[in-house]
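The values are calculated or read from the model by the stated rules, or taken from the named source; none is laboratory data. The structure presented is a predicted model; accordingly, all values stated were derived computationally and were not measured. Every residue, glycine among them, receives a Cβ derived from its backbone with ideal geometry; neighbour counts consider all protein chains shown.
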Amino acid sequence: MPKRTDLKHILVIGSGPIVIGQACEFDYSGTQACRVLRSEGIRVSLVNSNPATIMTDPEFADATYVEPITPEFVELVIAKERPDAILPTLGGQTALNTAVALHEAGVLEKYGVELIGANIEAINRGEDRQLFKDIVAKAGVRLRLDDPAGLVPRSRVCHSMAEVEATVAELGLPVVIRPSFTMGGLGSGMAHTPEDLARIAGDGLAASPVHEVLIEESVLGWKEYELELMRDRHDNVVVVCSIENVDPMGVHTGDSVTVAPAMTLTDREYQRLRDLGIAVLREVGVDTGGCNIQFAVNPADGRIVVIEMNPRVSRSSALASKATGFPIAKIAAKLAIGYTLDEIPNDITLKTPAAFEPALDYVVVKIPRFAFEKFPGADPELTTTMKSVGEAMSLGRNFSEALNKAMRSMETKAAGFWTVPDEVVAAATGADPAGTTKEDTLAALRMPHDGRLYTVERALRLGASIAEVTAASGGIDPWFLDQIAALVELRAEIVDAPVLDAELLRRAKRAGLSDRQLAALRPELAAEDGVRTLRHRLGIRPVYKTVDTCAAEFEATTPYHYSTYDQETEVVPSARPKVMILGSGPNRIGQGIEFDYSCVHAVQALRSAPLGGAAGSGYETVMVNCNPETVSTDYDTADRLYFEPLTFEDVLEVWHAEDSSGRAAGGPGVVGVIVQLGGQTPLGLAQRLKDAGVPVVGTSPESIHLAEERGAFGAVLARAGLRAPAHGMATSYDEAKAIADEIGYPVLVRPSYVLGGRGMEIVYDDATLRDYIGRATEISPDHPVLVDRFLDDAIEIDVDALCDADGEVYLGGVMEHIEEAGIHSGDSSCALPPITLASSHVAQVRRYTEAIARGVGVRGLLNVQYALKDDMLYVLEANPRASRTVPFVSKATAVPLAKAAARIALGATIAELRAEGLLPATGDGGSLPAGAPIAVKEAVLPFKRFRTPTGKGVDSLLGPEMKSTGEVMGIDVAFGHAFAKSQSAAYGSLPTGGKIFVSVANRDKRGMIFPIKRLADLGFEIVATTGTAEVLRRHGIACEQIRKHYESGGGEDAVSLILGGDVALVINTPQGSGASARSDGYEIRSAAVTADIPCITTVPGAAAAVMGIEARIRGDMQVRPLQELHAALRAAE
Amino acid sequence: MTKRRPAILVLEDGRTFHGEAYGSVGETFGEAVFNTGMTGYQETLTDPSYHRQVVVQTAPHIGNTGVNDSDDESGRIWVAGYVVRDPARVGSNWRATGGLEERLSAEGVVGVSGVDTRALTRHLRERGAMRVGISSVETDPRALLARVRQAPEMVGADLSTEVTTAQPYVVAASGEHRFTVAALDLGIKRNVPRRLAARGVTTHVLPAGSTVDDLLATGADAVFLSPGPGDPATADGPVALAREVLRREVPLFGICFGSQILGRALGFGTYKLGYGHRGINQPVLDRVTGKVEVTSHNHGFAVAWPGRGQDPGAVEVPGARHGAVVPDAVIETEFGGVQVSHVCLNDNVVEGLRAKDVPAFTVQYHPEAAAGPHDADYLFDRFAELIEGRTHSEGRTHA
């Protein structure tokens, strides 16, 4: 059944910004889909507002719309492109919801656009709780099961709190609450008490676009499984992968430690899940493509309950693809255009078809990465609402090896068991009081929390039995616990052995222990380096096996490797010059998809780099990364993929394997290792790798130090005569106070060597400073605290630039922040080209940037942050690496900066790259043509994911510590339009009418008058708190006055007004200064978060919003593909 | 992760692997084959088709769910030896009644763990299934190699009589009895009569040496040729029996070894595959419906493509890759026309035969699963329909 010939033009919908529950896995799947469709000769149009995605690189589609994924904008795209069909199943819930909305609005019918890969009925059957329940029961009947009704938890769909209460009266507590049509389990939770019930069900009703929640019987503590299935239009179905959650039911699968394949099922039980999965898939009627089904299995009697299904490619399918080598999204795209599974070859074997079920001869473990430290006050309990911001995956030849590798991939303080003292691990979890007795530790297991495996290990080490830990943890399977118990026993052996001999060391490595873990157990071995020296002396090194989909039954052609300690290695020697690119590890706040984007670009640039001479064309690229969500870990991206933790040990061994096999083949081996593109993770390894003889290319570790070490950097600035805010370094409160006294408050304090502004605060007085130093526990002479003069009300400017070995500098882009300095650059919106800077400012920025690049000795990318205050330019900081804004700048200016950086690292000059055409022949991002479109980057913040333990929203106030998970780009001819698009893409469209609530700090009242007046003139109703209302009235702005939450008096207060949903926009700037800024206004902002209403917290933000609102009211929004915008830019050069 | 007694594994071409003793301590020989199933070790171990074979499990963890009372496919463990990477220390499952290693030890099965099973599998893939020895009593690989080379080969091995039931037995239909089937036990798995029973079939299981008359004396409406171990070229008795069944036009269904017997009875050749199909993820195309089923396999021999020689990879199989329903040429035999009904999509090996003019069909793979997916369960319905069609049209007249 070959492909359909009637589909000539398909619109692919992406997933938009990275948010919790929807991350870069959809870039991975969407990129695959675009590739497949284009290779089939189909015209591809694409909509995705996320500039940091590979899929929005102009070469992946014929028309790339970096526009908001809302029905309004997608309709504009459809009207312009007139595609034959829409493929909505590869862009997560966002794409699927948008497709449903377009269908319901009649847009698809109006333009004659077919939905492929899914149909509306199937989507509804999969997502609507009650329909789905009926489907499952029908599937059970079809399978002739004894108790089809028992396949779903007893439950009822409710549309009001009254219905909820009546249901719970029947089912009893606890119950699970699941809102319909939300992604990543948003708004769901478990209610143990009537208070929980009122809160969670109330929020759930609000979060659901159809105001519907499911109240169901609790299956808390049951075993949890997922199957990834694929179906073609000939009704062939295969199970690509089974996944078992180590954390039993009760923790969202995205927040659970998961294992593939399932470890604790007999064949009989596994086949029952498979039968059910297939029957449900058929009953739901997913025509073609991937789908994910979750099951709970009662550990006591094996009763199976079908929990839910996603009729689309999901986070789990990305994981399953990476875990098995079976590219689900790619196959789904082929199925959507009419191929059947038996017609599609297996990419890895090339000889066998995709109509089969992968067999694994290794174990895959995924561990979620959390960011609770970013949200003080957030409840650290893991529930059915997903809270993790990223994940790492590892492969090993047994569970404990994969587990240990995944744990050290997390890049948390602890890099696996025993690497830091128990109390440090416990403190990091935020939920473990670091008990020193078995009883305390068992007690700490009761609440699921980040890092619970550490608590499990401690409990077993303190003498708890497996049965006790199973009970305390609410049902972790004894098999998993025995695996950890075996590690505890091995630990004792290692600690007690007179010497660490080859046999014991080999056994430890086979169990997955790192040199660092062993060093922690054997202090006499001179730390990790000592263990490595011993290990190498004993000839104990990892081998590399291949992910081949078939457990070695057929030959694999794809070099997708993982390390293990076994007999035979499968690395194929190659004489080509190799370049290793180190990826960025698990996504976390401050280090996300943007860095993966740069790494992928480096691979693309180096694979095709002209080498000249005998070497011919292209380096052999070797990618090392452990993040399963990314494009970089697609086996199609680099020539070779090593799915490995980004620790010094693991990276060094990959380098050794590649370098030595390359040399053995008569080639030059590894000619370069690129550490500058994957963010702080690989950068932190630079010096040690270089010291170990690894050829780190690009900016040297010494130069990196020059930029990152404050004293050295100060000297660089001083030599060049560049201004920086007065600053100092302190290792104690007294030192810090002395500096603050000298330079004057407010000061910005932060630890050295951090990313994402971790631990950064603006301090206004001695008391807060003392408090800060007290909390900065890791302060030491090696790790001082930096104290800078904070420039109030300055304009912040971000620059990305390239510098080559000749010291030539290419200004990639000059971005002007919309919010004033003091808000982390990752959280603030910015505009490119700068919207208010004079050309003299840009010239000064250019001069400063050149001086820094040359002074530091940058060979590649450099990011500099400046503050412009009273017409004076100050250098805030410089990072000699790819920054978060590289993809944004590349998209906005049509110049692939990361590709250029990778080439420069390997020796190319900017002049050569200009001649080659990789960089424009003349000019740069600091000299964009007058007609260049305005691109606005907006950050996306995850506040609505978090609640305090008492159920209140967390504070949404922005500051110097980064909190956003992702970003969007709005691009248009004028700022107002671009800003409006960025808001639509990030948070939902700016309002064009209704009520605006305003409450601003005294210092902001002046600045706020004009924007509020304009809003009033545009017809908005203004509601303000007392002080703000007085000022507004004095300027003739009519407004309703309302009391603050804590002010006495009757009637409605600000919080209840916002919670009531009667407000279209909240403008609230923090009152006061210092610590009190956090508490005042908190009630208002958290109410806005709870009610999901846009909340503006700065004056410049309000001004920008006004321009955006004006643009929306004018109603002349247009969409233009990047290809068109870029062609115009290039033509204007 | 405690230390175990060392053990060695030596292949007949001299390649040696080191590991630790698993199960019984001792020495064993057999044909080394690998199985890629990720579940179902208990079913695999107790499958009589693995008689005289040393099974290498590519799944790295074995024993996780222990052993239970209901998943055995026969009355004992049949594998000659067992090779795993990481055996479980505890079995965890609500049905478990014991641990796997205790069971292996109790039945005297010599195994080895800690082996680089992937390297071993790759070796077998490249060089083909071959003889192997495992020993936890011998430390000299050369001495073990000499003994490996004296062990009997699988080609030419007649093993049915070693695995068949000593006495006939009956598995009753569940629910209403509809038909009676006589099964010739050449190494039958328990799930076959169970799948038949679910369709109202009472199965009489008879020893391998039984005659047609023995089978039909049970009042059988149809005959079933079971799976089992060994080289089909040695199965002259069952082949002759099958010819007689065809001649009498009694409905016939065969699985695996039974399929090879039908092939030989129809006059086709059988041959040994390089390393066989052993796993539960094998894609098979039903050439009648054009649908793909994911199936359980355990065969080292196969029926040669009628008229096309032994190497199915060398021939272009029309339709096999295109899902289209391609009516294959009907091959004329002394029992009338026959079609290749099923092929394996991985390598185009013949996976099923269907006679056009006599009521007989077979598959090379395992629709009874156990272990494996249930995609091919419909074949038992086809068998029931075939019997029903014959009994309706002709009455019960074959005896």
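Observations, loosely collected:
Condition check ((1) away from every other protein chain (no Cβ under 14 Å); (2) part of a helix (DSSP H, G or I)) across all residues:
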| residue | (1), (2) |
| --- | --- |
| B:82 | yes, no |
| B:91 | no, no |
| B:112 | no, no |
| B:145 | yes, yes |
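- Options B:188, B:261: the member that is assigned to a loop (DSSP other than H, G, I, E, B), β-branched (Val, Ile, Thr) and assigned by TED's automatic domain parsing to the domain that holds residue B:385: B:188
- Among the numbered conditions (1) assigned to a loop (DSSP other than H, G, I, E, B); (2) touching a Pro at 6+ places or on another chain (Cβ under 8 Å); (3) surrounded by fewer than 20 Cβ atoms within 10 Å (Cβ to Cβ), the only one that residue A:118 does not meet is (3).
- In the stretch A:564-675, counting only strands (runs of 3 or more DSSP E) that sit wholly within it, the ones holding 2 or more residues that are of a type in the set (S, T, N, Q) span A:620-625.
- Only one entry in B:91, B:26, B:63 is within 25 Å of residue B:154 (Cα to Cα) and either touching a residue at least 12 places away in the same chain (Cβ under 8 Å) or not basic (Lys, Arg) (or both), namely B:26.
- Taken as a whole, the structure leaves residue A:544 outside the set of residues that are in contact with a Leu (Cβ under 9 Å, 6 or more places away or on another chain), under 30 Å from residue B:275 (Cα atoms) and within 14 Å of another protein chain (Cβ to nearest Cβ).
- Every condition in (1) more than 17 Å from residue A:657 (Cβ to Cβ); (2) modelled with pLDDT of 95 or more is met by residue A:545 except one, and the failing one is (1).
- Verdict on residue A:786 being touching a residue at least 40 places away in the same chain (Cβ under 8 Å) and surrounded by fewer than 23 Cβ atoms within 10 Å (Cβ to Cβ): yes
- Applying the criterion of at least 2 residues that are among the charged types (D, E, K, R) to the strands (runs of 3 or more DSSP E) found wholly in the stretch A:206-257 leaves A:213-217, A:223-231.
- Within the stretch B:358-390, the set of residues being among the aromatic types (Phe, Trp, Tyr), touching a helix residue (DSSP H, G or I) at 6+ places or on another chain (Cβ under 9 Å) and either within 14 Å of another protein chain (Cβ to nearest Cβ) or assigned to a helix (DSSP H, G or I) (or both) comprises B:365, B:380, B:383.
- Which listed residue is modelled with pLDDT of 90 or more, surrounded by fewer than 24 Cβ atoms within 10 Å (Cβ to Cβ) and of a type outside the set (Lys, Arg), from A:226, A:216, A:195: A:195
- Considering A:287, A:361, the condition of being in a loop (DSSP other than H, G, I, E, B), touching a strand residue (DSSP E or B) at 6+ places or on another chain (Cβ under 9 Å) and within 14 Å of chain B (Cβ to nearest Cβ) is satisfied by A:361 alone.
- Residue within the stretch B:113-128 that is among the aliphatic types (A, V, I, L, M), under 30 Å from residue B:234 (Cα atoms) and buried (at least 19 other Cβ atoms within 10 Å of the Cβ) present: yes
- Given (1) under 30 Å from residue A:3 (Cα atoms); (2) out of contact with any Ser or Thr (no Cβ under 9 Å at 6 or more places or on another chain), number of the condition residue A:161 does not satisfy: (1)
- Test: residue in the stretch A:564-583 that is touching a Cys at 6+ places or on another chain (Cβ under 7 Å), under 29 Å from residue A:665 (Cα atoms) and crowded, with 18+ Cβ neighbours inside 10 Å: yes
- Which listed residue is over 36 Å from the mean Cα position of the chain (by Cα) and within 11 Å of another protein chain (Cβ to nearest Cβ), from A:534, A:504: A:504
- Residue in the stretch A:594-614 that is within 14 Å of chain B (Cβ to nearest Cβ) and at pLDDT 95 or above present: no
- First in the stretch A:1-30 and acidic (Asp, Glu), second anywhere and at pLDDT 90 or above and buried (at least 24 other Cβ atoms within 10 Å of the Cβ), Cβ under 7 Å, 6 or more apart: A:25/A:318; A:25/A:629; A:27/A:53; A:27/A:54; A:27/A:55; A:27/A:593; A:27/A:631
- Remark: residue A:592 matches the filter, which requires a residue to be within 17 Å of the chain's Cα centre (by Cα) and touching a residue at least 24 places away in the same chain (Cβ under 8 Å).
- Scanning the stretch A:8-48 for residues that are of a type in the set (Asp, Glu) and part of a helix (DSSP H, G or I) yields A:25, A:27.
- Flag: residue B:65 matches the condition of being outside any strand (DSSP E or B) and either among the polar types (S, T, N, Q) or within 17 Å of the chain's Cα centre (by Cα) (or both).
- Filter result for residue A:1101 (farther than 20 Å from residue A:939 by Cα and either surrounded by 21 or more Cβ atoms within 10 Å (Cβ to Cβ) or modelled with pLDDT under 85 (or both)): no
- Only listed residue being at pLDDT 95 or above, closer than 30 Å to residue A:223 by Cβ and over 32 Å from the mean Cα position of the chain (by Cα), chosen from A:492, A:497, A:511: A:492
- Wholly enclosed strands (runs of 3 or more DSSP E) of the stretch B:1-56 bearing at least 3 residues more than 14 Å from chain A (Cβ to nearest Cβ): B:16-23, B:27-35
- Residue B:344 falls short on exactly one of the conditions (1) over 27 Å from residue A:268 (Cβ atoms); (2) within 14 Å of chain A (Cβ to nearest Cβ); (3) touching a Leu at 6+ places or on another chain (Cβ under 9 Å), and that condition is (1).
- The stretch B:197-229 - residue that is in a loop (DSSP other than H, G, I, E, B) and in contact with a helix residue (DSSP H, G or I) (Cβ under 6 Å, 6 or more places away or on another chain) and, of those, surrounded by the fewest Cβ atoms within 10 Å (Cβ to Cβ): B:199
- Residues within the stretch A:847-882 that are buried (at least 19 other Cβ atoms within 10 Å of the Cβ) and either in contact with a Gly (Cβ under 6 Å, 6 or more places away or on another chain) or of a type in the set (S, T, N, Q) (or both), tallied: 6
- Residue check for residue A:699: of a type in the set (S, T, N, Q), modelled with pLDDT of 95 or more and within 18 Å of residue A:862 (Cα to Cα): yes
- Among the candidates A:268, A:274, A:282, residue that is assigned to a helix (DSSP H, G or I), within 14 Å of another protein chain (Cβ to nearest Cβ) and modelled with pLDDT under 95: A:282
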